[in-house]
Amino acid sequence: MVGVFQDVEWSCPCTSSPPPASFSLRRFCIPLLLASLPAMAAGEEIAPALQDSWGDFWLFRFFVNAAGYASIVVPGFLLIQYFKRRNYLETGRGICFPVIKSCVFGSEVKSVHQDDGSLPPRAEPTESSTARQVFKLLFCAAGLQISYLTWGVLQERVMTRTYGATETDPGEKFKDSQFLVFMNRILAFTVAGLYCALTKQPRHGAPMYKYSFASLSNILSSWCQYEALKYISFPTQVLAKASKVIPVMMMGKLVSRKSYEYWEYLTAALISVGVSMFLLSSAPNRTVSTVTTFSGIVLLAGYIIFDSFTSNWQDALFTYKMSPVQMMFGVNVFSCLFTVGSLLEQGALLESLRFMARHSEFTAHAVLLSVCSACGQLFIFYTINHFGAAVFTIIMTLRQAFAILLSCLIYGHTVTVVGGLGIAVVFMALFLRVYARSRMKKRSKKLPPGETPVQKV
């Protein structure tokens, strides 16, 4: 690595004692050098996406997007502090009082008592309705598989392939991942809003601003997920998602002060081993479809960290009495606000709309991507409510395996023998987690109150 930097120093004009007139050249070379760091770290040529312009470099786009979100978050934070210091809950009056009360203070209704029965417990299937339960289970499994398998295929198509290609024109790629996040969130917001309006929901008690934390981390995790596909293959991304149980456990200890059992650490270690086997087996292959770059690894790490924070923050929000669809609505309200504000500030919204106007195929893909994402979330809530988290986890684990297979068949990704063994280790660990969790729940029901079956750490 030292040799690489030495070569760059001597070959770059900006490192040789230049006269003052060449200061603009120095400012140009430094960003160019920074943009090439990920490729040099991986020992590869600079990716075409980084050669286009400094503005297309993912780290630059990340900070630009973050600055756009900060332009909304900072004034909002100052307003919240102003209303709290003024004791607005006691002194406020006027037509805006209900809105400000809901956004800043809420009604502080916690869910620990659950005394109104607005959210009945999940009904266990009975023998008389076995056929109906089987049909519902097949319906949920099919809905989840179709929604998220289609979503995965479209995600890879949108981020890695060109649109409008002809014999003379290579076409153009869509580069703005933030617009795709906005498309997903606006449709999810609409679906959740209609669902809340048409069905009975519990009385909302959480201050609305608390959704913004989960919303911001959810936006950033989705952006990292889309952006990572520019640098890594889809199978690599799927396996990285499977390994997110490790940072989720770490975030659980930091954010929620949770304790975990020894078998959870064991399965997390097995997942790490399996993912490492897959990544290391793909390293010698330098083809475009399977190359794993430094930038892709960093983006995947960002996705896992932000997504882990989102899930743990949402767990904390569920201490207020709310349904999962209300959570979906609240998070997506702020997601739409943050993304549309950032897109407008950058001028990227009109540019993305013009891209849609030029390429009708992209329009269809973007809309279908958003529909699959919104429908998939509803299937998640329905499946967990009727069959529990264990059944849902099994379905989604199978979906991940099918997604890797489908991506390899459609887009021609290759998997080595060691990589295949790594995939098998990962999914074996995931199923072991489901089995161990179900056994622990059955055992805990048989033990006297206050006695734990396994020591937690």
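The values are calculated or read from the model by the stated rules, or taken from the named source; none is laboratory data. Bear in mind the structure is a predicted one, so any value in this text is a computation, not a measurement. FYI the Cβ positions are ideal-geometry reconstructions off the backbone, even for glycines, and counts take in every protein chain you see. Heads up: the accessible areas ignore ligands, DNA and RNA and are worked out on the full protein's heavy atoms, side chains in. Shrake-Rupley method; radii C 1.70, N 1.55, O 1.52, S 1.80 Å.
Looking at this structure, is THR91 modelled with pLDDT of 90 or more and polar (S, T, N, Q)? It is false that THR91 is modelled with pLDDT of 90 or more and polar (S, T, N, Q).
Looking across region 54-97, the residues that are without any contact (Cβ under 8 Å) to a residue 60 or more places away in the chain and of a type in the set (S, T, N, Q) come down to GLN81, ASN87, THR91.
Contact annotation: residue pairs with Cβ atoms under 6 Å, 6 or more positions apart or on different chains, pairing a residue in region 223-237 that is part of a helix (DSSP H, G or I) with a partner that is charged (D, E, K, R) and open to solvent by less than 10 Å² (accessible area, probe 1.4 Å), are PHE234/GLU156.
Return the only residue of PHE213, PHE179 being within 23 Å of ALA357 (Cα to Cα) and either surrounded by 15 or more Cβ atoms within 10 Å (Cβ to Cβ) or in contact with a Pro (Cβ under 8 Å, 6 or more places away or on another chain) (or both). Among PHE213, PHE179, only PHE179 is within 23 Å of ALA357 (Cα to Cα) and either surrounded by 15 or more Cβ atoms within 10 Å (Cβ to Cβ) or in contact with a Pro (Cβ under 8 Å, 6 or more places away or on another chain) (or both).
Of all the residues in region 338-361, those that are in a helix (DSSP H, G or I), open to solvent by less than 80 Å² (accessible area, probe 1.4 Å), out of contact with any helix residue (DSSP H, G or I) (no Cβ under 6 Å at 6 or more places or on another chain) and closer than 21 Å to GLU156 by Cβ number 1. Looking only at residues of region 137-176 that are of a type in the set (Val, Ile, Thr) and either open to solvent by 60 Å² or more (accessible area, probe 1.4 Å) or in contact with a helix residue (DSSP H, G or I) (Cβ under 6 Å, 6 or more places away or on another chain) (or both), we find that the one that is nearest to PHE381 (Cα to Cα) is ILE146. Against the numbered list (1) farther than 14 Å from MET327 by Cβ; (2) of a type outside the set (S, T, N, Q); (3) in a helix (DSSP H, G or I), LYS210 comes up short only at (1). Please verify whether LEU270 is part of a helix (DSSP H, G or I), under 21 Å from VAL415 (Cβ atoms) and modelled with pLDDT of 85 or more, treating the condition exactly as stated. Yes; evaluated as a whole, the condition is true for this residue. Annotation note: of PHE329, PHE334, PHE309, PHE381, the sole residue that is within 24 Å of TYR148 (Cα to Cα), open to solvent by 10 Å² or more (accessible area, probe 1.4 Å) and either without any contact (Cβ under 8 Å) to a residue 60 or more places away in the chain or touching an Asp or Glu at 6+ places or on another chain (Cβ under 8 Å) (or both) is PHE381.
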